[in-house]
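Report on the following structure.
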Amino acid sequence: MVAKRITPAPSLPALIGLSTATIFAYALPGTAVAQGPSAAIEEVIVSARRRQEPLQETPIAVSAFSGDDLAEQGLFNLQDFRTVVPNMDVNNGTGVGGAASIYIRGVGQNNAGIAADTAVGIYLDGVYLARPDGALLDNIDIATVEVLRGPQGTLFGKNTTGGAVLYNTNRPQDEFGGKLLARMGNYDRTDAQFVLNVPITDTVLTRFSGGLAKRDGYMTDVLTGDEYTDEDRTTLFGQIRWLASDSVTVDLNANYAETDQMARGQRCLVVDDVVGWQSTLFAPLIEPTFGRSAEELCAESEALDSDEFTTNRLGKYYSEATGVSATIDWEINESLSIKSITAWRNTEAQIDQDLDSTIAPLLESSTNFYPEADGNDTDQYSQEFQILGDALDSKLKWQAGAFFFREESTASNVGVTGPWTVTDLGPTGVIVNLSSQVDGNEAENTSWAVFAQADWSFADNWELTVGLRYTEEERELVGAFTRPYDPSTITTGSLLVPIAADTWLIEPDSFTFAYDFLPPTEFPEFDTKVKDDDWTPTVSLKRSFEGGGAIDGGIVYLTYSQGFLSGGIGTGLFGPQAFQPEEVDAFELGVKIDAWDRRLRMNAALFYNDYRDRQLTTIAVNEATGSVQALSINAEESTITGLELEVTLLPTPNLELSFNASWNDDEIDQFDDIQIGLNTGNPDCVPALGGAVEGCPVDRSDERLPNIPESSYFLAAQYTLQTSVGTFVPRIAWSLINDVQRCFDRSSCVSNRWLVDEAEDVSARLTWLSNDERWRITAYGTNLQDNDFVNGGVSLVDSFGFGGATIIPPRMYGVELQYDW
């Protein structure tokens with residue numbers, strides 16, 4: 001297990017007691033208490049069905065947050081929703097990078113490659129963000145965030161088999177105003193945000209916003225002292241709203257996001273009784289160099305303090321995303337409106353990473369911070385038309401639309417192994433192995449869809465919803481493997497002695513990493529296409545009730561829906577390998593209740609999802625390059641059953657209590673994979689890499705599905721106290737996530753080293769708001785118990801016999817200062 005931090009921390013009962021004492025201290029006699037906030041829970045308007053309607057009348061499991069909610073709860077970034085939304089798991093990276101990794105109800109995607117899509121759709125002002133790089137959004141000038149749980153295949157289309165996250169920014173207003181925010185904290189946290197609203201004329205309005213998020217790393221390389229797992233993000237928004245007429249509104253939006261930070265530091269976890277094929281093949285280099293085995297190097301890393309780790313590369317991550325969109329809303333009359341959303345987005349990403357998490361030099365590493373291997377670059381284009389109307393005295397509400405999407409991507413990467421300083425293989429020197437580059441990969445994805453949905457109030461308090469979407473797409477991956485080196489440029493001297501394939505012994509004084517990539521040795525080009533189409537229907541029956549007694553009203557609904565996640569192409573042991581689309585049949589029984597004069601709100605959803613060809617991530621070896629990489633494959637049959645509960649209670653007008661929970665059961669009924677290991681001559685296995693390893697069939701149906709907890713709980717208390725010197729708002733929150741699996745390959749999953757038994761978190765905030773509501777000062781703390789459980793990593797246990805694990809951020813605390821005008 002990962003070593004615990006030894007920093008003393010207050011216990012959970014002590015923290016709750018301290019918070020309670022603070023709340024009661026504010027209410028002592030002699031304190032001037034003004035009229036508190038509303039004594040009823042506010043109505044929340046959502047767009048989960050592509051039109052504005054109250055949350056409590058929407059037959060979908062939705063968690064909705066206003067901009068004020070984000071500020072009050074301290075939700076700085078998309079990843080902060082992982083504790084406050086039931087069955088939502090968000091990591092600030094896949095592997096050791098910084099791309100968004102989102103799972104809802106246990107459904108997501110760990111593969112961030114250009115030929116694979118995520119299973120949770122992220123939408124920014126109605127525009128779909130196709131790539132996970134640049135999608136870990138900071139909550140700057142946000143109007144609402146809606147988390148739709150469960151498949152959304154009819155209205156939002158493909159790639160929402162887990163759900164969808166809808167980000168809506170604040171629109172330009174007709175009055176001059178703005179906001180400045182500064183945030184400072186430990187680990188040299190220095191964040192800044194601004195909002196500036198400038199009306200140009202009565203019909204042309206503009207709004208600009210942005211921010212910086214900077215923090216030092218909390219993981220330290222013990223060899224160099226470099227800090228990893230830091231934050232360095234820049235976000236900018238620009239909007240122009242043109243009120244073209246009383247019925248036509250045009251919104252022009254531009255956004256930019258840049259991430260430039262070190263990679264996530266990985267602790268090494270030892271797995272007993274597993275012999276890694278890659279560690280074994282490199283043993284003649286590892287043991288003479290370090291005097292101990294790769295497994296012993298991993299054990300040394302695991303024994304370090306929890307904020308320390310070992311590596312052999314200066315790992316880093318960079319992404320840049322730029323998007324522009326034009327949205328036209330035309331209200332033709334009271335019963336008919338048309339919307340058009342036109343968008344373009346470019347995403348660039350680079351990563352340099354050490355996958356083995358030991359000091360062995362580049363046992364398995366990859367980078368694309370070279371001119372000839374400069375990362376991933378994607379352009380996406382999309383056009384959507386929506387028509388909304390109602391008829392029969394508004395008893396029938398309908399919408400229809402069409403969607404077109406095209407994505408063009410390039411990707412390149414080079415794997416480097418070495419240098420090794422070894423003295424017993426001949427002349428003293430540096431041994432360098434340069435493995436192959438996957439150079440010039442190009443992916444094109446073209447997709448179009450048409451959809452329609454109608455909501456019919458066929459009787460008092462009864463509504464029937466029927467919808468259908470047809471999607472067709474074609475994806476193509478073209479690539480050529482090349483050798484990225486010219487041996488004559490590897491050294492500045494004359495000594496160049498071949499040791500083995502792609503491996504040379506070089507004089508130490510003549511070795512340099514400044515080698516060129518020309519002329520490359522080319523391998524045959526491959527060109528692989530997949531074409532898929534699918535119908536994704538929705539049928540929902542809703543019964544509204546007025547209530548009586550303590551019940552104010554609510555709905556009960558039963559929904560059947562289908563979802564569709566794009567298929568794709570990867571490169572595995574036997575060359576290019578296509579994986580099938582992921583499909584799901586989803587059943588949901590939900591209830592939403594307001595009670596006690598709208599001082600109690602309780603929403604619950606019982607769901608059953610039956611997946612076909614669920615896309616999971618395995619570890620494969622590229623036969624042409626010899627490199628280890630993630631590969632998406634299909635688990636033929638799997639199911640997830642769960643219950644979610646969200647409760648908000650106002651015992652008094654000034655005290656708000658929030659609670660949510662989830663309980664889940666996941667099953668894999670059929671999951672056939674290929675496990676890579678040392679060649680044993682097993683006739684059921686296929687030799688590869690010149691016979692050094694073999695791929696053997698393995699049944700993985702006995703494993704857990706990744707990133708879904710068996711249970712989770714969240715509890716928060718917030719008190720609002722108005723005095724003559726301003727309003728004070730203390731808040732405390734506690735969360736607990738039980739039994740969630742974060743493994744990759746077969747050996748890591750069955751070892752349970754990446755199974756998190758309990759992940760507990762306590763956070764607190766104390767806010768002061770001036771009487772004119774212009775000034776806000778907040779003191780905050782997160783992970784107050786300073787826990788250090790695993791939240792991801794690269795668990796290549798089949799390859800190494802051990803694996804890397806990333807750890808959640810330690811205790812963070814600081815102060816926010818905000819001014820509004």
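The values are calculated or read from the model by the stated rules, or taken from the named source; none is laboratory data. Model, not experiment: these values are computed from the prediction. Backbone-built Cβ (ideal geometry, glycine too); neighbour counts: all protein chains shown. Please note that ligands, DNA and RNA were not included when accessible areas were found on the heavy atoms of the full protein model with its side chains. Shrake-Rupley method; radii C 1.70, N 1.55, O 1.52, S 1.80 Å.
In this structure, does residue 145 turn out to be free of Cβ contacts under 8 Å to residues at least 60 places away in the same chain and part of a strand (DSSP E or B)? Break it down into steps so the answer makes sense when it comes.
On the way: free of Cβ contacts under 8 Å to residues at least 60 places away in the same chain: no; part of a strand (DSSP E or B): yes.
The answer is no for residue 145.
Would you tally the residues in segment 695-720 being closer than 18 Å to residue 669 by Cα and without any contact (Cβ under 8 Å) to a residue 24 or more places away in the chain?
0
Run down 710, 758 and say which single residue is open to solvent by 20 Å² or more (accessible area, probe 1.4 Å) and at pLDDT below 95.
Numbers: 710 fails: at pLDDT below 95.
Selected residue: 758, the only one of 710, 758 that is open to solvent by 20 Å² or more (accessible area, probe 1.4 Å) and at pLDDT below 95.
Would you pick out the residues in segment 97-111 that are outside any strand (DSSP E or B), of a type outside the set (Lys, Arg) and within 17 Å of residue 165 (Cβ to Cβ)?
Step one: of segment 97-111, the residues outside any strand (DSSP E or B) are 97-100, 105-106, 108-111.
Keeping just the survivors that are of a type outside the set (Lys, Arg) gives 97-100, 106, 108-111.
Result: 99, 100, 106, 108, 109.
Which residue is farthest from the chain's Cα centre (by Cα), if the candidates are limited to segment 790-816 and must be among the hydrophobic types (A, V, I, L, M, F, W, C) and in a loop (DSSP other than H, G, I, E, B)?
796
Please enumerate the residues belonging to segment 279-307 that are in a helix (DSSP H, G or I) and within 35 Å of the chain's Cα centre (by Cα).
279, 280, 281, 294, 295, 296, 297, 298, 299, 300, 301, 302
Would you be able to say whether some residue in segment 115-135 is in contact with an Asp or Glu (Cβ under 9 Å, 6 or more places away or on another chain), open to solvent by 20 Å² or more (accessible area, probe 1.4 Å) and modelled with pLDDT under 90?
No, there is no match, as no residue in segment 115-135 is in contact with an Asp or Glu (Cβ under 9 Å, 6 or more places away or on another chain), open to solvent by 20 Å² or more (accessible area, probe 1.4 Å) and modelled with pLDDT under 90.
I'd like the residue in segment 720-742 that is of a type outside the set (A, V, I, L, M, F, W, C) and in a loop (DSSP other than H, G, I, E, B) and, out of all such residues, is farthest from residue 106 (Cα to Cα).
Filtering segment 720-742 down to residues of a type outside the set (A, V, I, L, M, F, W, C) leaves 720, 722-724, 726-727, 730-731, 735, 738-739, 741-742.
Filter once more, keeping what is in a loop (DSSP other than H, G, I, E, B): 720, 724, 742.
Details: 720: 36, 724: 48, 742: 11 Å.
Only one residue fits best here, namely 724.
If I filter segment 535-561 down to residues being at pLDDT below 95 and open to solvent by 20 Å² or more (accessible area, probe 1.4 Å), which single residue comes out as nearest to residue 114 (Cα to Cα)?
545
Within the group 394, 409, which residue is among the hydroxyl-bearing types (Ser, Thr, Tyr), modelled with pLDDT of 85 or more and part of a strand (DSSP E or B)? Explain how you work it out, then say what you get.
Values: 394 fails: part of a strand (DSSP E or B).
The conditions single out 409.
Pull up segment 199-222, narrow it to residues that are open to solvent by less than 40 Å² (accessible area, probe 1.4 Å) and among the hydrophobic types (A, V, I, L, M, F, W, C), then point me to the one that is nearest to residue 253 (Cα to Cα).
Selected residue: 205.
Can you name the residue in segment 138-160 that is within 20 Å of residue 382 (Cα to Cα) and among the hydroxyl-bearing types (Ser, Thr, Tyr) and, of all such residues, is nearest to the chain's Cα centre (by Cα)?
160
Which of (1) open to solvent by less than 10 Å² (accessible area, probe 1.4 Å); (2) closer than 30 Å to residue 196 by Cα does residue 175 not meet, given it meets every other one?
Of the numbered conditions (1) open to solvent by less than 10 Å² (accessible area, probe 1.4 Å); (2) closer than 30 Å to residue 196 by Cα, the odd one out for residue 175 is (1).
Among the residues of segment 308-322, how many are surrounded by fewer than 21 Cβ atoms within 10 Å (Cβ to Cβ) and in contact with a Lys or Arg (Cβ under 9 Å, 6 or more places away or on another chain)?
Residues in segment 308-322 being surrounded by fewer than 21 Cβ atoms within 10 Å (Cβ to Cβ) and in contact with a Lys or Arg (Cβ under 9 Å, 6 or more places away or on another chain): 2 in total.
Looking at residue 774 and the list (1) at pLDDT 95 or above; (2) charged (D, E, K, R); (3) open to solvent by less than 20 Å² (accessible area, probe 1.4 Å), which single condition is not satisfied?
Residue 774 satisfies every listed condition except (3).
Within the group 676, 640, which residue is touching a Cys at 6+ places or on another chain (Cβ under 9 Å), crowded, with 20+ Cβ neighbours inside 10 Å and at negative phi?
676
Looking at segment 573-595 only, could you name the residues that are aromatic (Phe, Trp, Tyr) and either free of Cβ contacts under 8 Å to residues at least 24 places away in the same chain or surrounded by 17 or more Cβ atoms within 10 Å (Cβ to Cβ) (or both)?
Hit for segment 573-595 is 579, nothing else.
Residue by residue through segment 60-87, note down the ones that are surrounded by fewer than 24 Cβ atoms within 10 Å (Cβ to Cβ) and closer than 23 Å to residue 741 by Cβ.
Across segment 60-87, the qualifying residues are 78, 79, 80, 81, 82, 84.
Given the residues 148, 181, which is the only one that is over 20 Å from residue 351 (Cα atoms) and surrounded by fewer than 23 Cβ atoms within 10 Å (Cβ to Cβ)?
Just one listed residue meets the conditions, 181.
Scan segment 328-351 and report the pairs whose first residue is closer than 16 Å to residue 257 by Cβ and whose second residue is open to solvent by 70 Å² or more (accessible area, probe 1.4 Å) and aromatic (Phe, Trp, Tyr), with Cβ atoms within less than 8 Å and a gap of 6+ or a chain change.
Between residues of segment 328-351 that are closer than 16 Å to residue 257 by Cβ and residues that are open to solvent by 70 Å² or more (accessible area, probe 1.4 Å) and aromatic (Phe, Trp, Tyr), the close pairs are 343/381; 344/381.
Can residue 265 be described as part of a loop (DSSP other than H, G, I, E, B) and either open to solvent by less than 20 Å² (accessible area, probe 1.4 Å) or of a type outside the set (Asp, Glu) (or both)?
On the way: part of a loop (DSSP other than H, G, I, E, B): yes; either open to solvent by less than 20 Å² (accessible area, probe 1.4 Å) or of a type outside the set (Asp, Glu) (or both): yes.
Considered against the rule, which asks whether it is part of a loop (DSSP other than H, G, I, E, B) and either open to solvent by less than 20 Å² (accessible area, probe 1.4 Å) or of a type outside the set (Asp, Glu) (or both), residue 265 comes out as yes.
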